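Working notes for the structure below.
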Amino acid sequence: MLTMTTGIVSPALPAIAITYQHVASSLIDQVSTVPSLTMALFVVLSTWIVKYLGTKKTVELGLTLVIVSTLLSLVAPNIWLLIGARALLGAGLGIYNSLAVSLITFSYHGQQRDKLLGWQNAFQGIGATIGSILVAGLIILNWRATFLIYAVAIIILIFYHRNVPDIKLTVAPSPESTPTTKHPINWRNLSKYGFLLFGLMTFYMIATVKIPTYLITNGIGSANTGSLLVGLMSVGTIIAGLLYGQLFNHLHSGVLVLAAALMLGAYWLYGFTSQIMLAAIGAFLIGASFGIFVPAIFGAASQAADISQSNFVSTFLLICSNLANFISPFIAAFLIMGHKQLTIIFMNGTLFLIGLLLVTIWISWRQKASAPAQNENI
């Protein structure tokens, strides 16, 4: 509910700028962006934090930091304390972000695991969607009120404390097991899935940022229309996430090919057409692609290491994801190649996505080919 909400208070930035009139606009923007920086940092540190505190205390510590951040944001007397509070938010989310996936991949297997990974991704979309709607309403009261959306962490903390045990991310040895049972990390497979996540996440972020401006420059919509289409992307993510378990049961490793194909189709619509209805379809397809490729990659990558390494695998993939978020503006600048029309980004993006689709087909084929051997080992 919280891991994709770091930047959704950005509509409050103009009001914050009025309150702090003598503060540079670049510093005001940090209110929205600094959580992503500290979140990425603490995703890396979370592996060691989990090692010393255990899973339950780590999650509770992260949620507590989110709550403290919320309180500080509501009363911050100056811009520096406000930015510090927002940095604390990112730290809290980053501490438990990898556990949101690894606790699933460690505790569940087979169809149950794939279904829950889809739900986990769907709830990310639900959190972002509900948060955006609440921000739109709360900002009418006061810009500080927008930070109340993070108060849901109190409810999450109470339910988590009461219902979730301290799950040990280690495998208890069975009578038949030997010290050599633990398998090393298959870096070749893990790197492939990291590359795939980085590529698809980059194009997802480019679309999220550029679609509103694309509509305006092509004369087919306004900024409000762009906001609606970004919301439609979240709807696509939610629906795809909830259906992911069924999709995986039918397609297995082919779900990755489907996700890449959906992203490619959406970029083709934006690159070679200019109608609002087709733009809406494209936005939905991008969100659906995100709702599929995230659980698919995390689920497949979990097989690249011993189950006790689940949190490390999740952390590695989250680093790839955050790196894609950071580098996506530079990739977008490369794709536009000096042109003024944003259509060029989607046209050139289509060419790159064709290559990414071919890579995805190859990875899916290799995964399918290795499945019988894995089953024999099991």
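The values are calculated or read from the model by the stated rules, or taken from the named source; none is laboratory data. These figures come from a predicted structure and were not determined experimentally. In this analysis, Cβ positions are derived from the backbone assuming ideal geometry, glycine residues included, and neighbour counts consider all displayed protein chains. For accessibility, only protein heavy atoms count, side chains too; no ligands or nucleic acids. Shrake-Rupley method; radii C 1.70, N 1.55, O 1.52, S 1.80 Å.
Quick rundown of the values:
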| read-out | value |
| --- | --- |
| Accessible area (Å², 1.4 Å probe, nearest 10) - His252 | 100 Å² |
| Ranked order, Phe203, Phe198 - accessible area, probe 1.4 Å, largest first | Phe198, Phe203 |
| Along principal axes, Cα extents of the chain, largest first, whole Å | 68, 48, 31 |
| Taking the convex hull of Cα positions in the range 125-171, its mean projected area over all directions (nm²) | 4.7 nm² |
| In nm, spacing of pseudo-spin labels at Arg188 and Asp306 (7 Å Cα→C-beta vector) | 2.1 nm |
| The chain, dipole about Cα centre (Lys/Arg Cβ +1, Asp/Glu Cβ -1), debye to the nearest 20 | 140 debye |
| Net lengthening on full extension, Ile18/Ile239 (0.36 nm per residue, minus Cα-Cα) | 75.7 nm |
| Accessible area per residue, Å², the range 61-161 with all protein chains present, probe 1.4 Å | 41 Å² |
| The range 218-286, relative contact order [Cα under 8 Å, separation at least 6], % | 49 percent |
| Estimated translational D of the range 258-312 in µm²/s (Stokes, Kirkwood radius over Cα pairs; 4 °C; 1.567 mPa s) | 103 µm²/s |
| Accessible area of the chain belonging to carbon and sulfur atoms, whole % at 1.4 Å probe | 70 percent |
| Mean separation of Cα contacts under 8 Å, 6 or more apart, over the residue count of the chain: relative contact order % | 22 percent |
| Helix runs (DSSP H) in the chain reaching 20 Å along axis by Cα, Kyte-Doolittle at least -0.5 | 25-53, 55-75, 79-97, 110-138, 187-217, 223-251, 254-272, 276-301, 310-336, 343-377 |
| Where labels lie 7 Å past Cα in the beta-carbon direction, separation of Lys168 and Ala151 in nm | 4.0 nm |
| Stokes-Einstein D for the range 217-374, Kirkwood Rh over Cα pairs, 4 °C, 1.567 mPa s (µm²/s) | 76 µm²/s |
| Label-point separation, His109 to Ile327 (7 Å along Cα→Cβ), nm | 3.5 nm |
